[in-house]
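Chemist: Input: one structure, supplied below.
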Amino acid sequence: MKENAWTTYSEKDLEMLEALMNGYKAFLTTSKTERECAANIVDMASRSGYVSLEQVIKTGTVLRPGDKVYATLMGKMVILAHMGEQPLTEGVNIIGSHMDSPRLDVKQNPLYEESGLAYLDTHYYGGIKKYQWTTVPMALHGVIIKKDGTCVPVNIGEGTDDPVFCISDLLVHLANAQTNKKAVDFIEGEKLDVLIGSRPLAGEKKNAVKANILKLLKEKYDVEEDDFISAEIEVVPAGAARDFGLDRSMILSYGQDDKVCVYTSLMALLAQEKISRTSIALFVDKEETGSLGATGMQSRFFENTMAELLNACGQYSELALRRTLSSSFMLSADVCAAYDPLYGDAFEKKNIAYFGQGVAFNKYTGARGKSGTNDANAEYVAKLRRIMDDNNVAFQTAELGKVDAGGGGTIAYILALYGMNVMDCGVPVMSMHAPWEICSKSDIYETEKAYEAFYKDC
């Protein structure tokens, strides 16, 4: 194993590390949904001098080296671009991460009463172990869009005086049949319903508890039951990101896959000053469900935005767009599995990421025989090795786990379709996709350094 990065830090490093962690924890706590995450990114970028690309287009402004712009789509996809000295057609440096995380989505017809209890029916989003999501304090985050177009933000469960919610589980005293099931069947997807009330509305004879919930929603948000049809409400673990461990060397939080790479790539881009190649940070939605949809990586928003950037620089043509994309370098900024000694049999110890060893590069992902992967070119891997060494970045290489033990993918293969060099690079995570995930502070720190070095030197 390589030297643990903690042993190399000076007092200045430790101060910078903790400053980064404080910002990161605040970001995690207020960015539990992709909408919240996107809004925070735009706010931070705007305060750092980024302006709307839409406004640039409307005013006919010509983009010049040093200009900083952002573009958004549906409040769930963001692209930041810091314009460099070189023409776009010579390629750009891109770091792409995803803002969505596994969760429970409230269905369109969700509210019902059963035996004097009110529930919200849900549909789980992304790959989860369903049994992990029971008896955990939950919050409701999202928006309700009324028929007149009014957007009603929803955030219940995070304030100190807010109620919380959860999914009940069968008491162990009566769980003989349940505990003998396979883990995948232990909790059924249709039983991931969130308990939200038990007090009946005075004077109501039928579904009085449900009626009371609707009354409370009307008073607080001025919405009707039918407004759930056009709502996007996510059920996520309640509570703030926290330091983890007696030595405070780790962070425990919901949604670190992949908001840890979102935050570090954002901070790396905001730290850039005068640059040679245009630097782009790409923040997408829907990765956990296949990157489909208008705000997923497989949509044309990224390509369309690159076309607009070329046009705003006076360089656009279809050929120029293709040359720009194929000449670019990209890091697919996504997390990887961290070695867990309690489950060591799932990992191949020579080719897995360890806490404290720095940012992790994954040459390939996928499943079984590398199915569904982008397999980075060896020449590009060598280039990245040099950049990391030149900038004193602690890094390691990794795979997801043992061959045939399972698998997973990222957005890397989608960008690689343009012919650009792409490699997966991110933070190792323990308990990935659980309601609460664990990361090492030193790995987060080294990842931010790696992304800064990539923007500067690639």
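Chemist: Using Cα centres only, tell me the gap between region 269-300 and region 381-453 in whole Å.
Modeler: If you average the Cα positions of each part, the centres end up 16 Å apart.
Chemist: Based on the mean of other Cβ atoms within 10 Å per residue, sort peptides 15-25, 91-101, 168-178 so the most packed one is first.
Modeler: My ranking of the peptides, most packed first, is 91-101, 15-25, 168-178.
Chemist: Any chance you could give the angle, 0 to 90 degrees and rounded to 10, that helix 11-29 forms with the longest Cα principal axis of the chain?
Modeler: 40 degrees
Chemist: Can I ask one more? Quick check for me: using +1 on Lys/Arg Cβ and -1 on Asp/Glu Cβ, what's the dipole size of region 210-360 about its Cα centre, in debye to the nearest 20?
Modeler: Dipole of region 210-360, to the nearest 20 debye: 600 debye.
Chemist: I would also like to ask the following. Using R₀ = 35 Å, calculate the FRET efficiency as 1/(1 + (r/R₀)^6) where r is the Cβ-Cβ separation of SER168 and LYS206; round to 0.05.
Modeler: Given R0 = 35 Å and the Cβ-Cβ separation, E is 0.90.
Chemist: For region 1-138, give the magnitude of the charge dipole about the Cα centre (Cβ charges: +1 Lys/Arg, -1 Asp/Glu; no others), in debye to the nearest 20.
Modeler: With only Lys, Arg, Asp and Glu charged at Cβ, the dipole is about 200 debye.
Chemist: Which ³J(HN,Hα) values in Hz, rounded to whole numbers, follow from the phi angles of region 67-82 under the Karplus curve 6.51 cos²θ - 1.76 cosθ + 1.60, where θ = phi - 60° and Gly and Pro get x?
Modeler: 5, 10, 9, 9, 9, 10, 9, 6, x, 10, 9, 9, 10, 10, 9, 10
Chemist: Take the residue pairs LYS76/LYS146; LYS32/LYS191; LYS182/LYS363; LYS58/LYS147 and return only those whose Cα atoms are more than 31 Å apart.
Modeler: LYS182/LYS363
Chemist: Which residue, VAL359, GLY369, GLY344, has the largest displacement toward the positive end of the dipole of region 332-377 when charges sit on each Cβ (Lys, Arg +1; Asp, Glu -1)?
Modeler: GLY369
Chemist: Still on this structure: Can you give the log10 of the normalised intensity I(q)/I(0) at q = 0.16, 0.22, 0.25 Å⁻¹, computed with Debye over equal Cα scatterers of region 303-389?
Modeler: Debye intensities relative to I(0), on a log10 scale: -0.84, -1.15, -1.27.
Chemist: Sorted from largest down, give the three principal axis spans of the alpha carbons of region 2-106, whole angstrom values.
Modeler: 51, 45, 25
Chemist: Distances longer than 15 Å among the Cα atoms of region 68-156: what percent of all pairs is that?
Modeler: 77 percent
Chemist: Oh, and also: Pick out, from GLN55, THR33, TYR413, the residue whose Cα sits farthest towards the positive end of the charge dipole of the chain, with +1 on the Cβ of Lys and Arg and -1 on the Cβ of Asp and Glu.
Modeler: TYR413
Chemist: Probe radius 1.4 Å, ligands and nucleic acids ignored: give me the carbon and sulfur share of the accessible area of region 159-200 as a rounded percent.
Modeler: The value for region 159-200 is 55 percent carbon and sulfur by accessible area.
Chemist: Label points 7 Å out from Cα along the Cβ direction at LYS370 and ALA405: separation in nm?
Modeler: Those two pseudo-labels are separated by 2.0 nm.
Chemist: Then there is this: Just from its helices, what would the mean residue ellipticity at 222 nm be for the chain, if runs of 4 or more DSSP H residues each count -39500 (n - 2.57) and the sum is divided by every residue, rounded to the nearest 500 deg cm²/dmol?
Modeler: Helix contribution divided over all residues of the chain: -9000 deg cm²/dmol.
Chemist: Let's test this: bin the Cα-Cα distances of region 200-260 at 10 Å from zero up to the farthest pair and state each bin's percent.
Modeler: 17, 28, 20, 19, 13, 1
Chemist: Nearest 10 degrees, 0 to 90: what angle lies between the long axis of helix 301-312 and the longest principal axis of the chain (Cα atoms)?
Modeler: Tilt relative to the chain: about 40 degrees.
Chemist: May I ask for the angle, rounded to the nearest 10°, between helix 34-47 and the longest principal axis of the chain, with both axes built from Cα atoms and the value confined to 0 to 90°?
Modeler: Here the helix axis deviates by roughly 40 degrees.
Chemist: Hey, can you find the accessible area per residue of the chain for me, probe 1.4 Å, expressed in square angstrom?
Modeler: Value for the chain: 46 Å² per residue.
Chemist: Hey, another quick one. Could you let me know the centre-to-centre spacing of region 44-116 and region 340-365, using Cα atoms, in angstrom?
Modeler: About 31 Å separates the Cα centre of region 44-116 from the one of region 340-365.
Chemist: Can I ask one more? Considering the convex hull of the alpha carbon atoms of region 234-367, report its projected area averaged over all viewing directions, in nm², one decimal.
Modeler: About 12.2 nm², averaged over all directions.
The values are calculated or read from the model by the stated rules, or taken from the named source; none is laboratory data. This structure is a prediction, so every number in the text was calculated from the model and none was measured. Because the Cβ atoms are built from the backbone with ideal geometry, glycine has one as well, and the counts that use them run over all protein chains shown. Side chains included, ligands, DNA and RNA excluded: accessible areas come from the protein's heavy atoms. Shrake-Rupley method; radii C 1.70, N 1.55, O 1.52, S 1.80 Å.
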